[in-house]
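Just below is one structure, and these are the notes that go with it.
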Amino acid sequence: MDFNKFVNELKENIKLYLPENYENAEVALIEYQKLNEAYTGLTVRKDGQAIAPAINLNNLYDFYQTHPYISMSTMFQEVAGVITDATVPVDPVNVYDILKYENVKDKLFIRVSSAEKNKEMLSDVPHQLKEDLAITYHIVIAKDRDGLSTMLVTNDLMEKYGVTSEQLHEDAMKSCSKVMKPQIYSMGSKLSEMVEKISMMLSPQEKEAMRQMVEDMPFKDTFIIMTNDQSVDGAGVIFYPEVMENMGYMLDSNFFILPSSVHETLILIDDGDFDVEGLKEMVTEINATQVLPQDRLTDEVYHYDTKDHVFEKADRFVERQKEKEAQVAKSEKAGKEQPDQKPKTKKHDMEL
């Protein structure tokens with residue numbers, strides 16, 4: 001069964017597997033364009049329901065294709081279960097409140113994504129470019145133990161709000177650290193925390209082996225992880241107001257910024273021992289082997305110059321330093337080649 005037939009079957013027959021109170025529900029297919037991801041979504045909205053959760057049919061179809069023993073009837077039952085169990089995090093009144101800018105300006109936060117991978121989506125979205133990264137603006141709808149619900153600010157929505165992209169950016173910079181609080185910790189402490197979380201499922205010998213493995217990791221205290229308090233789409237924290245400046249002050253050094261994923265970045269002190277090309281190769285390999293495609297940011301490595309307060313691609317920093325060194329050498333050479341000129345004797349100095 002191809003994807004289109006799979007989608008149409010679900011759309012036409014899903015209500016047969018739903019309770020009676022879904023008899024008059026509206027079934028719709030919506031093409032979603034999100035950061036790093038595009039998919040066909042299925043929504044089933046009952047009368048009086050302002051919004052309904054969307055089921056990613058692309059992921060569902062991939063699952064169906066890789067599990068040939070599962071029948072379509074089972075797929076229908078699974079989808080129906082997701083629909084009936086889903087809780088809508090926003091009541092209808094709040095949905096309409098979202099259309100008023102004063103109600104959302106304090107709920108704004110930023111995300112970053114690859115400008116190249118999201119070129120089509122960015123044409124309809126207010127954004128700022130930082131090298132090849134795009135800062136976009138989002139509204140937190142709900143944040144609780146069940147997860148995070150957000151909404152992307154599009155050009156149409158910004159126009160309805162009656163604000164400029166500059167105003168949107170300014171307000172997002174004011175609220176982002178309150179809405180999605182920054183979290184910074186060493187890789188070693190994060191790994192130790194993960195071990196503690198799963199320690200109840202391990203035997204004493206396994207627990208000790210894992211702790212020893214973390215202790216023996218060569219870079220566990222070299223990298224600093226930067227994300228938000230949800231650990232979701234936290235790579236944007238690096239662009240929070242004064243974060244790079246404060247990090248440079250804390251480290252007392254320039255530093256590299258490695259895009260671990262859209263969820264976090266890694267900070268590495270620039271002590272002169274790291275080769276930029278080697279770091280880029282490491283990021284590229286990790287992206288290809290350990291990061292899901294929809295979670296990848298870029299294969300680039302970035303750099304922050306604490307003296308000049310410049311964020312840039314790391315190889316551009318290297319080029320800029322070479323240009324500075326060449327300019328200094330040129331100035332020093334010109335100074336050495338300047339002929340010594342003895343001061344002329346003043347007339348009155350000769351009159352005794």
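The values are calculated or read from the model by the stated rules, or taken from the named source; none is laboratory data. From a predicted model like this one, the values you see are computed outputs, not experimental measurements. A quick note on method: Cβ atoms are made from the backbone with ideal geometry, for glycine too, and the neighbour counts reach across all protein chains shown. To get the accessible areas, we keep the full protein, side chains included, count just its heavy atoms, and leave off ligands, DNA and RNA. Shrake-Rupley method; radii C 1.70, N 1.55, O 1.52, S 1.80 Å.
The table below gives the values:
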item	result
Number of positions in segment 138-154 that are open to solvent by less than 40 Å² (accessible area, probe 1.4 Å) and either at pLDDT 95 or above or not in a strand (DSSP E or B) (or both)	1
Of all residues in segment 268-280 being farther than 15 Å from Ile224 by Cα and open to solvent by 70 Å² or more (accessible area, probe 1.4 Å), the one that is farthest from the chain's Cα centre (by Cα)	Asp273
Total residues in segment 223-258, condition open to solvent by 50 Å² or more (accessible area, probe 1.4 Å) and not aliphatic (A, V, I, L, M)	9
Segment 301-316: number of residues that are in a loop (DSSP other than H, G, I, E, B), in contact with a Phe, Trp or Tyr (Cβ under 8 Å, 6 or more places away or on another chain) and more than 20 Å from Gly278 (Cα to Cα)	1
Strands (runs of 3 or more DSSP E) (entirely within segment 31-132) containing at least 3 residues that are under 23 Å from the mean Cα position of the chain (by Cα) and at pLDDT below 80	37-45
Qualifying residue in segment 274-282 (condition: touching a Lys or Arg at 6+ places or on another chain (Cβ under 9 Å) and aromatic (Phe, Trp, Tyr))	no
Condition met for Gln290 (within 30 Å of Met180 (Cα to Cα), touching a residue at least 60 places away in the same chain (Cβ under 8 Å) and either surrounded by fewer than 17 Cβ atoms within 10 Å (Cβ to Cβ) or in contact with a Pro (Cβ under 7 Å, 6 or more places away or on another chain) (or both))	no
Residue in segment 259-267 that is buried (at least 18 other Cβ atoms within 10 Å of the Cβ) and in a helix (DSSP H, G or I) present	no
Counted residues, segment 297-336 - those being modelled with pLDDT under 90 and either loosely packed, with under 11 Cβ neighbours inside 10 Å or in contact with a Ser or Thr (Cβ under 9 Å, 6 or more places away or on another chain) (or both)	14
Where Val283 falls short, out of the listed (1) assigned to a helix (DSSP H, G or I); (2) open to solvent by 20 Å² or more (accessible area, probe 1.4 Å)	(2)
